[in-house]
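> Structure provided below as structure tokens; questions to follow.
Where a number appears in this text, it was derived from the coordinates with a stated rule and is not lab data. Please read all numbers here as calculations on a predicted model, not as lab measurements. Because the Cβ atoms are built from the backbone with ideal geometry, glycine has one as well, and the counts that use them run over all protein chains shown.
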Amino acid sequence: MDENRRWYIVGICSLLFFLSMFYRVSSAVISPQLIDEFGLSSDELGLLAAAFFYTFALFQIPLGLLMDRFGARITMSVFSIIGGIGAIVFAKSGGINGLLLGRALLGAGMACNLMGSMKLFTEWFRPHEFATLSGSILAIGTVGNMMATSPLVLMMGSIGWRASFVAIAIITIFLSVCFFMVVRDKHEEPASGLYPNKIIKIKTPLFASIKTVFLDPNYWAISGSTFLRYGTFAAVQALWASPFLLTILHISPLATGNLLFILNIGFLAGSPIGGFLSDRIDRSRKKTVIIGLILMAIAFLAVAFYRHNNLIWLGLIFFIMGFGSSFGQVMYAHIKELMPSHMSGTAMTGINLFTMMGAAVFLHGFGKILNIQLFGALSASAGYGIAFFMCFIGILIAVALYSKTKDSIVQK
């Protein structure tokens, strides 16, 4: 039964994370409807997009402590239901305050689904399988990003945006109940055979867990790296890429959509490859992450100075950017293995706080950076070039930070 259950756990965790990634980017697709119906300004739309990430980030440390204390099963079930309620609040809103509350509840509710899944994987799978599994679930989540584009538009065209979000909320709550019924925090078989590394449950005072994690210099190096890695990537994916391609390179909306699709395909392809590379080939978390960061740096440097509309070259640049960024998922396996096993939830959610805060800060802040007076004296093209070059510098800083971490050699 345990052998079957662990794959059921992978399946239902993947579906919940799929929904998390769907909700994460869904506001971009419905922004025209929100502008027409509520008269939202650009600043309000930016805040609405960032609200999900702010609450997602702020809940990471409390969720890590809750998972280490009560287990992922209860924590993920309760918070996923809160996310479903948030989708309903969003759908029924009559103004900006209700929309923000709905997005905030969604961010809080979805905050546990990736870290909770990884917490379960540490119990149900061998160490050398962890990064491959985490990469696979991230790849499935990227499909959730894609479903929040054209498929959501088609659904809204059929039943409207409000009914669409109510329907998806019902699915979210249903899956949360199924999750609670199917999942167990730990297997029942003895610590041998299939599960040679069974985790012994250790009760640690909450503040002792925080102290252990926060006093480790590896935690801060990995956290700073993921802040820069995902912050720059999320900002390009959700904010900078589209206006850059449309207004600076004068690429058609259809071609712009295709390039963003290629960006996601790169992330989709790279997630399991990065995990497999880390688990089976170089057997090093540190080396794999640094390879991904270097690929990102190359892509950012290329786009900072590229001013042609050759779709083949742009497609290659965007693919490399997504592919390199996906290797960042190995950071979760890295921090997990550098910390005591009974603190894995606190450790992984600790760096996920910086991952999501990076997205919030870059989404909310860099749009305004492009409009400062210095850039007003330059061409719009130069402003974007400076912004992308800043991303390049940020990734170089991430490489420098990550080079200081202690490596984690994967055991068979």
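> Quickly estimate the mean residue ellipticity at 222 nm for the chain, helices only: each DSSP H run with n ≥ 4 gives -39500 (n - 2.57), and the total goes over all residues, rounded to 500. Please report the intermediate quantities before stating the final value.
Details: 19 runs with 315 residues, N = 412.
After summing the helix terms and dividing by the residues of the chain, the value is -25500 deg cm²/dmol.
> Mean separation of Cα pairs under 8 Å and 6+ residues apart, divided by the residue count of the chain: what relative contact order is that in percent?
Value for the chain: 25 percent.
> Dipole of region 1-104 (Lys/Arg Cβ +1, Asp/Glu Cβ -1, origin at the Cα centre): which of G95, G71, S41 lies farthest to the positive side?
Towards the positive end, the residue furthest out is G71.
> Something else now. Mind scanning K119/K404; K186/K286; K186/K287; K119/K406; K336/K404 and naming the pairs with a C-alpha gap bigger than 23 Å?
K119/K404; K186/K286; K186/K287
> Next question. Order the peptides 389-401, 51-63, 247-259 from the highest to the lowest mean number of other Cβ atoms within 10 Å of their residues.
Values: 389-401: 19.0, 51-63: 23.1, 247-259: 14.7.
Packing order, densest peptide first, comes out as 51-63, 389-401, 247-259.
> What distance in nm separates the simple spin-label points at R307 and F261, each placed 7 Å from Cα in the Cβ direction?
Modelled inter-label distance: 3.0 nm.
> Helix 127-147 versus the longest principal axis of the chain: what angle, 0 to 90°, nearest 10, using Cα atoms?
Roughly 30 degrees between the two axes.
> Of I262, H308, A108, which is farthest towards the positive pole of the chain's charge dipole, taken about the Cα centre with +1 and -1 on the beta-carbons of Lys, Arg and Asp, Glu respectively?
Comparing the listed Cα positions along the dipole, A108 ranks first.
> What angle do you read, to the nearest 10 degrees and between 0 and 90, between the alpha-carbon axis of helix 150-159 and the longest principal axis of the chain?
Taking Cα atoms only, the helix is inclined about 80 degrees.
> Here's another thing I want to ask about it. Which whole-number percent is the relative contact order of region 205-406 (Cα, under 8 Å, 6+ apart)?
41
> Could you give the size of the charge dipole of region 205-358 about its Cα centre, using +1 on the Cβ of each K and R and -1 on the Cβ of each D and E, expressed in debye and rounded to the nearest 20?
Using only the charged Cβ atoms, the result is roughly 140 debye.
> Using the number of other C-beta atoms within 10 angstrom as an exposure proxy, rank M357, M118 with the fewest first.
The fewest-first ordering by Cβ neighbours comes to M357, M118.
> Distance in nm between label sites at K404 and R280, each 7 Å beyond Cα in the beta-carbon direction?
Here the modelled spin labels are 3.5 nm apart.
> Between E44 and S158, what is the label-point separation in nm under the 7 Å Cα-to-beta-carbon projection?
Simple spin-label model gives 3.1 nm for this pair.
> Among 174-186, 68-80, what's the highest-first ranking by average C-beta atoms within 10 angstrom per residue?
For the peptides 174-186, 68-80, the packing ranking is 68-80, 174-186.
> Which order results if K211, K336 are arranged by neighbouring Cβ count within 10 Å, fewest first?
K211, K336
> Sticking with this one: Nearest 10 degrees is fine. How inclined is helix 285-305 to the longest principal axis of the chain, computing both from alpha carbons?
On a 0 to 90 degree scale, this one is about 0.
> Something else: Quickly rank 217-224, 150-157, 380-387, 346-353 as a protection proxy: mean count of other C-beta atoms within 10 Å, highest first.
Packing order, densest peptide first, comes out as 346-353, 217-224, 380-387, 150-157.
> Let me ask you something else. So what is the relative contact order for region 1-184, in percent, with contacts set as C-alpha pairs under 8 Å and at least six apart?
Computed over region 1-184, the figure is 38 percent.
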